[in-house]
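Presented below is the structure to which this report refers.
Every number here is computed from the coordinates shown, using simple stated rules; none is lab data. Here the structure is a predicted model, which means the values were calculated and not measured. Cβ placement follows ideal geometry from the backbone for every residue including glycine, while neighbour counts extend to all protein chains displayed.
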Amino acid sequence: MEGKTREGEDKIGVIDQWKKKHLLLYTGATKHPFLLTIRDGSVDFESFKRWLGQDYVFVRNFVPFVASLLIRAGKKDDDQDNDMEIILGGLASLNDEIAWFKSEALKWDVPLSNAVVHKTNQDYCRFLGRLMLPEVDYAVAITAFSTIEAVYQESFAHCLGDGNNTPPELQETCERWGNENFGEYCQSLQKIANRCLAKASDDVLAKAEITFLRVLEHEVQFWNMSHGGT
Ligand code: HMH
């Protein structure tokens, strides 16, 4: 079925199918015990500070990855779907995010320069680097991008949901990724991914599914690292 649109899969979308199929892992990434402590207020602030310092490093590696997608979106001759505008918006919000990390780190007394980069984080950043290689299909890289953003959106939105007891100091963090605008942006990314995957060959589709799973595993590891310092 090379190059052929997958009939009947358009309604739910490939990404949502994979979320269902791999629900246990998806839930592990989006309702991780670390996030549940932020939600119920029992969070260890040392863990939060560890997350903050490491995530700053991650985001600095994430920017070139997103920039590589912007370049690829600009080269596509069938970009009638505004991929460029959506990815550019993502880069703009990453610009804000880096500034936010810097001011938040000052507040929490977390050193950002010369910080030791945890092995878990290094592995995740290397994974991002590999996704920038020219042989990686746009559909595969966009799937990773969409999933990376969605995990944070769902994780932090859950901390803001009914019955939460999030510490006031962490409210802003949760809103950064849990807010409605960020949710809509994630929906747009998922739409791009679904559109690419609907047109993808079986081979690319299989690679994208593995990449989806790898992202979830890296996200779980990242939370584990923050939570327990493992
Ligand atoms: C580890 N995953 C990680 N950090 C982030 N900032 C995001 C996803 C979302 O941008």
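Details
- Other residues within the sphere of radius under 12 Å centred on the Cβ of Ala115, judged by their own Cβ, net out at +2 (K and R +1, D and E -1).
- Charge sum, other residues only, whose C-beta stays under 11 Å from Thr166's C-beta, Lys/Arg counted +1 and Asp/Glu -1: -3
- Free-standing Cys, the chain [no other Cys Cβ under 4.7 Å]: Cys125, Cys186, Cys196
- Segment Gln122..Lys49, full-extension length gain: 24.5 nm, with 0.36 nm per residue of separation and the alpha-carbon distance subtracted.
- Extension gain for Arg130 to Val59 (0.36 nm times residue separation, less C-alpha to C-alpha distance): 24.0 nm.
- Cα centroid separation - segment 198-219 against segment 86-127, whole Å: 25 Å
- Relative contact order of the chain, taken over Cα pairs closer than 8 Å and 6 or more residues apart, is 40 percent.
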